[in-house]
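Nothing in this text is a laboratory measurement; each read-out follows from the coordinates by a stated rule. Computed from a prediction, not measured in an experiment: that's the story for all the values here. Note: ideal-geometry Cβ built from the backbone for every residue, glycine included; neighbour counts use all protein chains shown.
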Amino acid sequence: MFWLAQSMILARPVPKTHVALSELSLGCAQLGNLFREVSDADCRTTVDAAWELGIRYFDTAPHYGLGLSERRLGAALASRPRADYVLSSKVGRLLEPVDGLEGWDDQGFVVRATHRRIWDFSRDGICRSIEGSLERLGLDRLDVVFLHDPDDHWPEVLAAGYPALEELRAEGVVGAIGAGMNQAPMLADLVRETDVDLVMLAGRYTLLEQEALDDLLPLCADRRVAIVAAGVFNSGLLARARPPDGARHDYESAPQELVERARAIARVCERHGTTLPAAALAFPLAHPAVVSVCVGARSAEQVRRNAALYREAIAADLWNELKAEALLRQDAPVPG
């Protein structure tokens, strides 16, 4: 794939599929006005910058801005060769229109509440959700479909949601299937009990949190299930060279002990000539099951920063010191 050699952002295959993901990918929740408004123009330049820097995997969902992220991403990619990028969206939150304007969305996106989200992991709900996503994106196929946050819907996912995706994969409607969650145990159960191709793990395999090494990550490596690591900055706590007071973790104010731990990691990074966010982005990619790190951005400047972090060389001694100082698990794979 010539564009990968040109961009210097490598691709990793998703085993058992024909899908390959760029190691650095663009999470598009911000294109749906996550927490604050972003202009159409800024969304377009964000995606354009990602493309120019070699990012070829883009992740979105109907949940993000009640479809706004999908519409904006589809418009920004409309002129790009369809075979040259991979796009994932999600199912589980079906968008149903409401009569008239009902104020503003109450789930973190600065958009008018023109639709309501209906939890639906039934076969019909999943097919309707994919049909809606394709219409908003202006596409005729999705490369990857994730079951989105099925935490409270496990029986329906096993009985209907996963079988529906398996059927769509067999028919060639989607290229790869999986689930995206903010927890590892249920993803591990899904990997054990189904034939998913990949999972998106948000915030649970980072420089601060490696409990997923106990179960999910070795299981995925054994079963040849790929992992997309999202939330690698832990909602902002690892996003700055020196974590400030009031930094956020899991979308809330971080406990002081976590802030102090992040600062201790940051000091080790500084001693080895790098920064906390660069190490946070590099760390997950060392695990053999991880194929991509998905990082959000709301501007071209943020995309360029993330790409620069991805390309930064990090001394091997950094990881040795983090383990020696008990700031990183001894069994955690590290970049070599």
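Using the 10 angstrom Cβ neighbour count as an exposure proxy, how do 299, 89 rank, fewest first?
299, 89
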Quiz item: How far is it, in nm, from the label point at residue 79 to the one at residue 96 when both lie 7 Å from their Cα along the line to the Cβ?
Solution: 4.0 nm
Self-check item: Cα long-axis angle, helix 40-52 against the chain (0 to 90 degrees, to the nearest 10)
Solution: 60 degrees
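If you rank 205, 251 by fewest surrounding Cβ atoms within 10 Å, what's the result?
251, 205
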Quiz item: What FRET efficiency would be calculated for the residue pair residue 326, residue 242, taking the C-beta separation as r and a Förster radius of 22 Å, to the nearest 0.05?
Solution: 0.60
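Take every Cα pair under 8 Å in region 119-261 that's 6+ residues apart, average their separations, divide by the length, and report that relative contact order as a whole percent.
The value is 17 percent.
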Quiz prompt | Additional length obtainable on full extension of the chain from residue 317 to residue 211, 0.36 nm per residue less Cα span | solution = 35.9 nm
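Could you calculate the FRET efficiency of residue 131 with residue 104 from 1/(1 + (r/R0)^6), where r is the beta carbon distance between them and R0 is 30 Å, rounded to 0.05?
0.70
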Practice problem: Give the angle, between 0 and 90 degrees and rounded to the nearest 10, that separates the Cα long axis of helix 68-77 from the longest principal axis of the Cα atoms of the chain. | Solution: 80 degrees
Quiz item: In region 136-242, what trypsin sites (Lys or Arg not before Pro) fall in a loop by DSSP, with at most 15 other Cβ atoms inside 10 Å?
Solution: 141, 224, 240
Self-check item: Extended-chain gain in nm, criterion 0.36 nm per residue less alpha-carbon gap, residue 253 and residue 235
Solution: 5.5 nm
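Would you order 153, 115 from fewest to most other beta-carbon atoms within 10 Å of each residue's own beta-carbon?
153, 115
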Quiz item: To the nearest 500 deg cm²/dmol, what mean residue ellipticity at 222 nm is calculated for the chain from DSSP H runs of n ≥ 4 alone, each contributing -39,500 (n - 2.57), summed and divided by the residues?
Solution: -10000 deg cm²/dmol
Exercise. Highest first, please rank the peptides 42-49, 19-26 by the mean number of other Cβ atoms sitting within 10 Å of their residues.
Key: 19-26, 42-49
Quiz prompt | Relative contact order [Cα under 8 Å, 6+ residues apart], the chain, whole percent | solution = 18 percent
Quiz item: For the pair residue 193 and residue 158, how long in nm is the line joining their label points, each one 7 Å along Cα→Cβ?
Solution: 0.2 nm
Self-check item: Rel. contact order, % - alpha carbon contacts under 8 angstrom, at least six apart, region 225-305
Solution: 40 percent
